[in-house]
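S.K.: Mind looking over this structure? Questions follow.
Nothing in this text is a laboratory measurement; each read-out follows from the coordinates by a stated rule. Just so it is clear, the structure is predicted and the values come from calculations on it, not from any experiment. Note: ideal-geometry Cβ built from the backbone for every residue, glycine included; neighbour counts use all protein chains shown.
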Amino acid sequence: MKAIQTDQLNENGRGRNAEIAGSAPVREAVEAARTDIADRIDSLLSRIGETSRTAREAGSRAVESTRSFVQSNPWQSAGIAAAVGFLIGALVRRR
């Protein structure tokens with residue numbers, strides 16, 4: 001992923017480097033900034049992937065826990081669902 005993003009940044013920035021007044025330190029600074037940005041993007045994408053994975057796992061655990069509770073307590077589950085439905089209906093009616 002990093003190589004692709006860095007290549008895209010390099011391709012997009014090549015023309016801009018030629019526009020800079022030929023100053024090597026400026027080009028080096030631009031390249032360093034470009035590399036830093038690419039690294040930060042990679043880090044961000046990695047963290048997003050980890051967070052997404054964690055959220056999916058937590059969601060799966062919640063679904064399984066709910067399924068287990070409903071199967072163990074069907075009447076209580078029906079009563080809870082009816083009460084929640086009543087509350088939502090009452091709140092919607094108020095608006």
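S.K.: Show me, for segment 80-95, the HN-Hα J-couplings you get by feeding each phi into the Karplus relation (A = 6.51, B = -1.76, C = 1.60, θ = phi - 60°), rounded to Hz, glycine and proline as x.
M.R.: Those phi angles translate into 5, 4, 5, 5, 5, x, 4, 4, 5, x, 5, 5, 5, 5, 5, 7 Hz.
S.K.: Taking the Cβ of each residue in SER77, SER65 as the centre, tally the other Cβ atoms inside 10 Å and list the residues starting with the fewest.
M.R.: Listed from fewest to most nearby Cβ atoms, that is SER65, SER77.
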